[in-house]
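Report on the structure given below.
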Amino acid sequence: MAMTSSERLRLIKTAVILGVVFIGIQFIRPELKNPPVTADLQAPPEVKQILKTSCYSCHSNETKLPWFDEVAPAYWIATSDVKEARKHLNFSEIGKLRVAQQKGLLFEAISNIQTGAMPLPSYRRVHPGSRVTLAQMAVLKSWLNPPAPTGAANTSAADAGYERWIQASSVVPDVHPSPNGIEFMPDYRNWKVISCTDRFDNHTMREILGNDIAVKAIAENHINPWPDGTAFAKVAWRQLPDGKGIIRTGAFIQVEFMIRDSDKYASTKGWGWARWRGADLVPYGKDAAFTSECINCHAPVRNSDYVYTLPIGGQQ
């Protein structure tokens, strides 16, 4: 049925209003500057090319928005994303950090690419050229993976240290609490193993253990969100090749905890975070603000309740 003249008029008026609004919002433009590049990432050309294509638009001071991101409201989203991304990782300023910090951030970045968390799925859909291929991932991992230790290390000393860790008393004296007030939990050694991971960039191995509440939640498949009272311990050791193709646990590095309490830890995404380093179990962090490192690291898996390592059979 043909439109009446009044209907056509309303349609024209609506189109004009929408057009005026669209033009008007183009003048609302949050500032997005590209500061000077002061300490750019030092990496081989083939690595830099991959990162520049897939990461630098958000994670550097060399942001180049395509034309469709220059149009509001897409421009507002892009501006917000770039500012947030630079806070977490800025390849144009990463050289200012200690080498250990750089390696940690780079491992986190490559791990997030490998799991598909980065670039953000929504970003990849609109910017398909940002996808990292399997071949490119191999290049990134090879670059970040340093040469493995060679020769037969002192495996007997390492084995003795591991045995002491297993047989240690459940009472650990003189262990100070974490800067955010979380007390050390020596009984974590008796928790059940949930999973194992390794860090290819620094040749460490990690074992993830869970308390009884975590184990029950896994059995009942109630892991997103995890129930209050859930606690994980991630224990890290150096990898120690024995010269015969076997990797053993080397020196103990640290143990870190994630404790679920949606009310008590509401300000830190519902999780309490804590870490103790070295055989002396020295609390990590100068003050409670250290938890921002933990939250930023786990932010890409927010849809899994901030937990990276899901047990077999767990649901996202």
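The values are calculated or read from the model by the stated rules, or taken from the named source; none is laboratory data. As the structure is a prediction and not an experimental result, all values here were calculated from the model. When we count neighbours, we look across all protein chains shown, and the Cβ atoms used for this are built from the backbone with ideal geometry, even at glycine.
Every condition in (1) at pLDDT 85 or above; (2) assigned to a helix (DSSP H, G or I) holds for A299 except the one numbered (1). F68 versus (1) closer than 20 Å to R131 by Cα; (2) modelled with pLDDT of 90 or more: which is the lone unmet condition? All conditions pass for F68, except number (2). The residues of the range 270-289 that are more than 18 Å from the chain's Cα centre (by Cα), hydrophobic (A, V, I, L, M, F, W, C) and part of a strand (DSSP E or B), listed by number, are W276, V282.
To keep it simple, each residue is scored yes or no on (1) at pLDDT below 90; (2) in the same structural domain as G104 (by TED's automatic domain parsing); (3) in a loop (DSSP other than H, G, I, E, B); (4) on the phi > 0 side of the Ramachandran plot.
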| site | (1), (2), (3), (4) |
| --- | --- |
| S178 | no, no, yes, no |
| R189 | yes, no, no, no |
| R206 | yes, no, no, no |
| L209 | no, no, no, no |
| I213 | no, no, no, no |
| I218 | no, no, no, no |
| G229 | no, no, yes, yes |
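Kindly indicate whether I223 is outside any strand (DSSP E or B) and either closer than 29 Å to A85 by Cβ or in contact with a Lys or Arg (Cβ under 9 Å, 6 or more places away or on another chain) (or both). Yes; evaluated as a whole, the condition is true for this residue.
Against the criterion of being touching a residue at least 12 places away in the same chain (Cβ under 8 Å), within 17 Å of the chain's Cα centre (by Cα) and either surrounded by fewer than 17 Cβ atoms within 10 Å (Cβ to Cβ) or over 20 Å from Q101 (Cβ atoms) (or both), V307 qualifies. Looking only at the range 106-147, residues that are at pLDDT below 85 and either surrounded by 16 or more Cβ atoms within 10 Å (Cβ to Cβ) or over 27 Å from I77 (Cα atoms) (or both) come to 11 in all.
Of all residues in the range 240-258, those satisfying the criterion of being over 21 Å from the mean Cα position of the chain (by Cα), in a strand (DSSP E or B) and either surrounded by fewer than 20 Cβ atoms within 10 Å (Cβ to Cβ) or not assigned by TED's automatic domain parsing to the domain that holds M185 (or both) are P241, I247, R248, A251, F252. Counting only helices (runs of 4 or more DSSP H) that sit completely within the range 1-119, those holding 3 or more residues that are touching a residue at least 40 places away in the same chain (Cβ under 8 Å) correspond to 45-54, 74-88, 99-115. Residues being in the same structural domain as S178 (by TED's automatic domain parsing) and part of a strand (DSSP E or B) are represented in the range 259-269 by at least one member. Among the residues of the range 245-253, are any at pLDDT below 85 and among the hydroxyl-bearing types (S, T, Y)? Yes.
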